[in-house]
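One structure below.
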Amino acid sequence: MIIDAPICLYRTAVKPEWLDYNGHMNEAYYVLIFSKSTDEFMDFAGQDADYRERTNTSIYTLETHVMYLQEVSEGEAVRVETQLLGFDAKRYRLFHHMYHEESGDLLATGEHMLVHVDMSGPKSAPFPPDLVERLEAIAQAHADLPAPKQAGRSIALPGERA
């Protein structure tokens, strides 16, 4: 199987109800688009609905950091490219770049830490071996991608303690 680096699994157009009082997409819908992109990554990695039902597991989001770089308006098409930055026994870290489909401009980025969860607890749980193999294959395909310049950032004003 060929694994793109990065993976483009989600495309959409900005819906009228996603606009805010400034006439461009509201911040919540950037997060929605990144959430849908994460769902598509889960399916691609083998954590689709069948997997979740069969194993009684899911993925929970632990942390998200979104950077809003450019406005996007009603009807404009966007695509999200996803990079697996890393993973361990129970978690993976994704980075999404949202691009304007027509111009190619970078609109926003989203960095997400996710955890594999046994729903009977719920409690964190290790990935099964077949899922680890799939994540290893994706990580290998993404190993030569540069680290996104927005990755690992925190929020602080100059001179503030982080």
Quiz item: What angle, in degrees between 0 and 90 and rounded to the nearest 10, separates the Cα long axis of helix 129-142 from the longest principal axis of the Cα atoms of the chain?
Solution: 40
Quiz prompt | Cα centre as origin, Lys/Arg/Asp/Glu Cβ charges: the chain dipole, Debye | solution = 560
Practice problem: Note down the nm distance, to one decimal, between modelled labels 7 Å out along Cα→Cβ at residue 147 and at residue 74. | Solution: 4.2
Quiz item: Once amide H atoms are placed 1.01 Å from N in the peptide plane, what residues at a sequence separation of 5 or more from residue 125, or on another chain, have their amide H within under 5 Å of its amide H?
Solution: 116, 117, 118
Quiz item: How high is the relative contact order of the chain, in percent, with contacts defined as C-alpha pairs under 8 Å that are six or more residues apart?
Solution: 26
Self-check item: Phi-based couplings in Hz for the range 16-22 (Karplus 6.51, -1.76, 1.60; Gly and Pro marked x)
Solution: x, 6, 8, 7, 9, 5, 8
Quiz item: If packing is taken as the mean number of other Cβ atoms within 10 Å per residue, what is the order of 25-31, 102-108, 143-149, highest first?
Solution: 25-31, 102-108, 143-149
Quiz item: Can you list the HN-Hα couplings for the range 146-160, worked out from phi with the Karplus curve (6.51, -1.76, 1.60; θ = phi - 60°), rounded to whole Hz and with x for Gly and Pro?
Solution: x, 5, x, 5, 8, 5, x, 7, 10, 9, 6, 7, x, x, 7
Quiz prompt | Whole-Hz ³J(HN,Hα) from phi, Karplus 6.51 cos²θ - 1.76 cosθ + 1.60, for the range 61-77, glycine and proline x | solution = 7, 8, 7, 9, 10, 10, 10, 9, 9, 8, 6, 9, 10, 3, x, 6, 8
Quiz item: Sorting 42, 67, 1 on the 10 Å Cβ count, fewest up front, what's the list?
Solution: 1, 67, 42
Quiz item: To the nearest 10 degrees, how steeply does helix 27-45 sit against the main Cα axis of the chain, on a 0 to 90 scale?
Solution: 30
Quiz prompt | More than 18 Å apart - percent of Cα-Cα pairs taken over the range 1-124 | solution = 54
Quiz item: When only Cα pairs under 8 Å and 6 or more residues apart are kept, what is the percent relative contact order across the range 39-126?
Solution: 32
Exercise. Provide, for the chain, the number of lysine pairs with alpha carbons under 26 Å apart, each pair being eight or more places apart or on different chains.
Key: 6
Quiz item: What is the distance, in nm, between label points placed 7 Å from the Cα along the Cα-to-Cβ direction at residue 39 and at residue 124?
Solution: 2.5
Self-check item: Lys/Arg +1, Asp/Glu -1 at C-beta; the chain dipole; positive extreme among 154, 143, 94
Solution: 154
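Since every read-out is calculated from the coordinates, none of them should be taken as a lab result. All figures in this text were calculated on a predicted structure; none of them were measured in a lab. Counting neighbours? That spans all protein chains shown, and the Cβs are built from the backbone with ideal geometry, glycine included.
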